[in-house]
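To start, the structure under review is shown below, and the notes come after it.
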Amino acid sequence: LMERLYWVRHRCLQLISTDRRRGWYSSPSSLPPKSSLDAQDPLFQRHKIKELKQSYSRNKVRTTKYTFLSFIPKNLFEQLHRFANVYFIFLGALNFVPIVNAFQPEISIIPIVFVMSITAVKDLWEDQRRRKSDQQVNNLLCDVFDRKQKRYVERRWADVCVGDLIRLCCNEIIPADMVLLHSSDPNGVCHIETANLDGETNLKQRQVVRDLPQQGSEFVPENYSSRIECENPNNDLRRFRGFMEHPGKVRVGLHSENLLLRSCTVRNTETVIGIVVYAGHETKAMQNNSGPRYKRSKLECRLNMDVLWCVVLLLLMCLVAAVGHGFWLSELHNPIFMIPDDTHPALAAFYMFWTMIIVLQVLIPISLYVSIEIVKLGQVYFIQNDLDLYNPVLDTGVQCRALNITEDLGQIQYLFSDKTGTLTENRMLFRRCTVAGTEYPHHENDPQLQAKLNTLSSPMRSPFRQEAAEISHILDFFLALTVCNTVVVSSPTQPRHMPMVRTPLRSLEEMKAMFQKLSLPRFPSSPNRNTDTLPSLTKKLFTRGRPASYFPNSSPQTPIKTLQSPTIPSGTPSDTPPAPVTPALSSGAWGEDRDDIQKAKDNSAESESDDEDEAEELLYEAESPDEAALVQAAKAYGYTLLGRSPEQVLVAVPGTGPLSIALLHVLPFHSARKRMSVVVRHPLTGEVVVYTKGADNVIMELAEPDGFSREIMERTQRHLDQYAREGLRTLCVAKKVLEEQEYKAWLKRHEYAETSIENREELLLESAERLETNLTLLGASGIVDRLQEEVPETIEALQEAGIKVWVLTGDKQETAINIAFACKLIRPTDHILMANCDSKARLQELQHEIRQVTKEGTPEDDSSDSVLVIDGRTLDYALQKELQGSFLDLTCCCRSVICCRSTPLQKSQVVQLVRDKLKVMTLAIGDGANDVSMIQMADVGIGISGQEGMQAVMSSDFAISRFKFLRKLILVHGHWCYARLANMILYFFYKNVMYVNLLFWYQFFCGFSGNTMTNSWVLIFFNLLFTSVPPIIYGVLDKDVSGEMLLEVPDLYKYGQNSEAYLPSTFWLNILDAFYQSLVCFFIPYFAYAGSDIGVFFFGSPINGSALLIILLHQLIESRTVTWIHAALLLFSALFYYAFVLLLSIMCVTCNSPTNPYGIETKVMSEPLYYLICGFTTVLALLPRYYTHISESAHLHTSNENKAAQRLSSRHVPQNFSVNADMPHLTDCIAEAGTVLS
């Protein structure tokens, strides 16, 4: 019976099991032991796999906060995190206690219900938008393999599970994180575009898992039975660790190049197949989706402190009322107007304390927080729609990604800026190069360099033997520029994602035989009339708009083979500069074959002329603008990159045509190494050559200085220094020829590093560093990166506004200094203080020396004319804890600071140090991934959507497209946002305190009984409805100074820097003014009606009317800009109040039990005394505020005019510097600058 039940169980499992996949992933702790799994029945294995997959996350994503059932409780729970909401709920509940209630309990909860309802509706609307977006994503379709049907079927993204085999075509978006199992590319390559993930539009290359049983053939999903184990889900986009165990128990490491990430797009590949390892919220894309950024502004912190002061004031007023009530009761003896009870006066005073808290509750501005959110939304709207901040070229404006810190833009004290791409265009132009110690300016292709290159293709002239080494360096230099990169070549007229076609290319063996026959230089003019010229080859490559990746062995008729001749030496000693490409020429061969050569030249010319019109220009897509500029420069001298595959690079060489260069290894750029290398098999010599390019200081340290190389290095260093002084970005190029045994020994260790599962990154880094030693320096390049427009004017305006500008860059000191001169960060009269120290002790000594110089040269007005320039190594010492204080003291004595050779970590450390130690408001701006940590560390982070992707933008609070927009964003919008919000907050405190004091003064005449002289409806709605809308418009539209004046006089920005609009003294002056106005507003009607027999509500009517007019006209006085919108809303608020109270007086009979306001307002408004009291009270209450405002406005106007006149009189003729290597006058500016200490 048990056996039969066991069979039925497995049969049922077989019928209901979907069993669509066999690969799975798990962490080592959660994966069942392999031995136990293998020992089980296959049906039981399937059931185990199914159970295991159910423990993984589904691919359905949900970014919403709420569900239908959780919305009300969850939203209430979130809103209760605000102290003000808890406070008012407590008061509403307290008013239901009969012994302490002040008025109808139902009315007391109206304000909190109203405010929380508005917030809930806003949250629901935002969540609904997210829900619609989620539905669109989850309903996308993809092809998933179904094992039952044994074919691919369409399924929604939401139905994809871990272990599914998914097939994607070109241009399709990846639905989940997948390990790449198959690619239609014969080399197992897939290109993806990660723009949806990190904003970068350049293509990333991914590789099929190594040693797959089906690799290189058609992928059969049924035959896939490998097992995958990988790390737990995390948010690191550049790391993926795991392994795949094949049926033969062979394990293969899985790494980031095998992983296709969710939200990326497949490009340049017809079909890919992958297995899902992370789904839904476990994918790296969702792990990085942290939602909107939230930062607390400086003004908000100040607001919270003042709310606490209002609480203290409220408690003090309630305490006075409670004590007064106790004394009043103790002095009464059998009053006829009170119902006697046995309550002790002290206990009655205690009850009265809580009653007065209910009565005076509006002292805490419940609507202030909602009003602030609305005002900030309005400010963001006007910032994003400012046409002056719109870039028509990129069709982008300002993006406000953090909605709650707009006012912080008006309080910036320190600005930290990247250089490349932020101050400059990050569009590189090749200007100069130095090869073998000889400098060549790039003026429409340098004639001297062109002449030397022409000797390679000219059959009538051969180089002298003394020129052979130099020409060898030139060839290797440009060959390195062509192949040492990750540039992708594409067609200009067709989409880059078109499927690739196979193009037969010319055999390199034929070229070698031709070279040997003619005994020509290694790069002669091709005599074969069937040789593909560059235009015709380009035409073939892009027949269908395919990218210039190619398949070198795809055509059996004309395969391309790497040249490996036993007659050619296998290696060249690395201690002597190799010159394998310029052997001595045989004169006999020239005479015999001159006619053939001339015919070949004629045929080549005809071929070029035929294809000239049809030739297509190559487009290069590079990960960095530097790479694209170097490849374009090599192309200008005849070295054209035609295509690239993982194994080969196709290069057109002057006079030769396309050469297929075997690409053995690519050692990508790493921030720790500051260089990249490629290992190739030379197409003509067969040697294994390492080409390296990187930062000049790094390459110089790795170069081998001996003999001829030493002289080249010295001359190259002088050229590098000159390039840096001219503001050029410098890059060194070197090579290394490996012996076969040396290469094999390195390859063995490198393959171990590549196949390692643990510590793979560290092992690869060590492997690259072992190879990149004893290099032979080839030369260096100088690339110009032009300043963006209006950068000097922007920095000058920011400095005049009192903002200290620091530049944090990874460039050389000379380059950074030159850029600083060009953008007016350094003036010609400034003292440049250089800090280049090799020890901590030397830094301490230098700081003492510099401090003495700065103290002696500091003028009386504390305006320093010193600029500190510090390199990365010295910055490391300065950031150590024991030197931080002295470093900051030193920087405070300088007008600007330039940190050179700084790493991304150092950038964020500098920002954090200045922000935390100096307690200042900081802003960081950058455009690249290396600026992300700095941007996130600052109080305000601004990203520039430039040439290095969108990572900085995605991590920022605000995003702009040009540095010049920072001027108006900070000086104008920042000032306005701060001034508007500060004044609006002060106005809210004022109007609440003013109205509450009216109720407090009345307690002195009613025995501190907690009664009010107005009905509860007016009391609740006065601050909630009647006077809440005008301040919002005031906070959105008011302009204390025009935008033109703020740009003309940047010194006005210090108003926000010093928090002059919202000082503690300003807050208390507003409170005192509110007390004064409440006294006037209360006692004038009191004395006017003294001795009369009017009722309580009759007495309260002119008080309420006067208070409304005073509060509204007070705002009109404070407004610097009065538009028709202001006037209309003020008039509407007044009319709304009078319409409400009149309707209440006409219609309300029992709505304010136990009192009756029926007919009171109509009666009191029919008497002229009412209007006389209101008018006189309003004028007398506002008179001090009006005269204060007039005097402040006159003083401010005079001050602004004086500052503008002073600025015009002191304005000198601007010196516009252009960062261009062809303008040597820039070096004179540095030489004529002030004192330089080092």
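Annotations for the structure displayed:
- Neighbours by Cβ (under 8 Å, 6+ apart or cross-chain): first from the stretch 410-422, within 11 Å of D939 (Cα to Cα) and of a type in the set (S, T, N, Q); second assigned to a strand (DSSP E or B) and open to solvent by less than 10 Å² (accessible area, probe 1.4 Å): Q413/T922
- Condition met for G253 (in contact with a Phe, Trp or Tyr (Cβ under 6 Å, 6 or more places away or on another chain) and either modelled with pLDDT under 85 or assigned to a helix (DSSP H, G or I) (or both)): yes
- The residues listed here are G782, G727; of these, the one that is farther than 19 Å from V435 by Cα, touching a Ser or Thr at 6+ places or on another chain (Cβ under 8 Å), open to solvent by less than 60 Å² (accessible area, probe 1.4 Å) and small (G, A, S) is G727.
- Screening A929 on (1) crowded, with 24+ Cβ neighbours inside 10 Å; (2) of a type in the set (A, V, I, L, M, F, W, C); (3) within 16 Å of the chain's Cα centre (by Cα) shows it passes everything except condition (1).
- Condition met for A801 (touching a Ser or Thr at 6+ places or on another chain (Cβ under 8 Å) and open to solvent by less than 10 Å² (accessible area, probe 1.4 Å)): no
- Taken together, the residues in the stretch 239-250 that are among the aromatic types (F, W, Y) and not in a loop (DSSP other than H, G, I, E, B) amount to 1.
- Residue count for the stretch 677-724, restricted to those that are surrounded by 17 or more Cβ atoms within 10 Å (Cβ to Cβ) and part of a loop (DSSP other than H, G, I, E, B): 8
- Residue within the stretch 387-410 that is assigned to a strand (DSSP E or B), modelled with pLDDT of 85 or more and under 19 Å from L1046 (Cα atoms) present: no
- Elements of type strands (runs of 3 or more DSSP E) in the stretch 754-848, at least 1 residues being farther than 21 Å from L890 by Cα: 776-787
- Within the stretch 748-764, residues that are open to solvent by less than 70 Å² (accessible area, probe 1.4 Å) sit with their Cβ atoms under 8 Å from residues that are outside any helix (DSSP H, G or I) and of a type in the set (V, I, T), at 6+ positions apart or across chains, in these pairs: T755/V252.
- Scanning the stretch 1085-1122 for residues that are over 57 Å from the mean Cα position of the chain (by Cα) and part of a helix (DSSP H, G or I) yields P1085, Y1086, F1087, A1088, V1096, F1097, F1098, F1099.
- Failed condition for A724, given (1) at pLDDT below 85; (2) over 29 Å from G421 (Cβ atoms); (3) not acidic (D, E): (2)
- The single condition among (1) on the phi < 0 side of the Ramachandran plot; (2) in contact (Cβ under 8 Å) with a residue 12 or more places away in the chain that S1059 does not meet is (1).
- Identification of helices (runs of 4 or more DSSP H) wholly contained in the stretch 948-1050 with 2 or more residues that are open to solvent by 10 Å² or more (accessible area, probe 1.4 Å), more than 23 Å from V100 (Cα to Cα) and among the basic types (K, R) yields 965-968.
- So S1145, is it of a type outside the set (F, W, Y), free of Cβ contacts under 8 Å to residues at least 40 places away in the same chain, within 26 Å of N1011 (Cβ to Cβ) and open to solvent by 20 Å² or more (accessible area, probe 1.4 Å): no
- Flag: F1082 does not match the condition of being under 28 Å from P1184 (Cβ atoms), at pLDDT 90 or above and surrounded by fewer than 21 Cβ atoms within 10 Å (Cβ to Cβ).
- For the stretch 642-664, the tally of residues that are in contact with a strand residue (DSSP E or B) (Cβ under 7 Å, 6 or more places away or on another chain), farther than 14 Å from V487 by Cα and surrounded by 19 or more Cβ atoms within 10 Å (Cβ to Cβ) stands at 7.
- Subset of the stretch 617-636 [surrounded by 22 or more Cβ atoms within 10 Å (Cβ to Cβ) and part of a loop (DSSP other than H, G, I, E, B)]: L618
- Some residue of the stretch 106-116 being within 30 Å of the chain's Cα centre (by Cα), without any contact (Cβ under 8 Å) to a residue 60 or more places away in the chain and open to solvent by 70 Å² or more (accessible area, probe 1.4 Å): no
- Scan of the stretch 899-944 for residues that are within 15 Å of L875 (Cβ to Cβ) and in contact with a Cys (Cβ under 9 Å, 6 or more places away or on another chain), ordered by number: Q906, K907, V910
The values are calculated or read from the model by the stated rules, or taken from the named source; none is laboratory data. Fair warning: this is a prediction, and the values are worked out from it, not measured in the lab. Please note: Cβ atoms are built from the backbone with ideal geometry, for glycine as well, and neighbour counts cover all protein chains shown. Heads up: the accessible areas ignore ligands, DNA and RNA and are worked out on the full protein's heavy atoms, side chains in. Shrake-Rupley method; radii C 1.70, N 1.55, O 1.52, S 1.80 Å.
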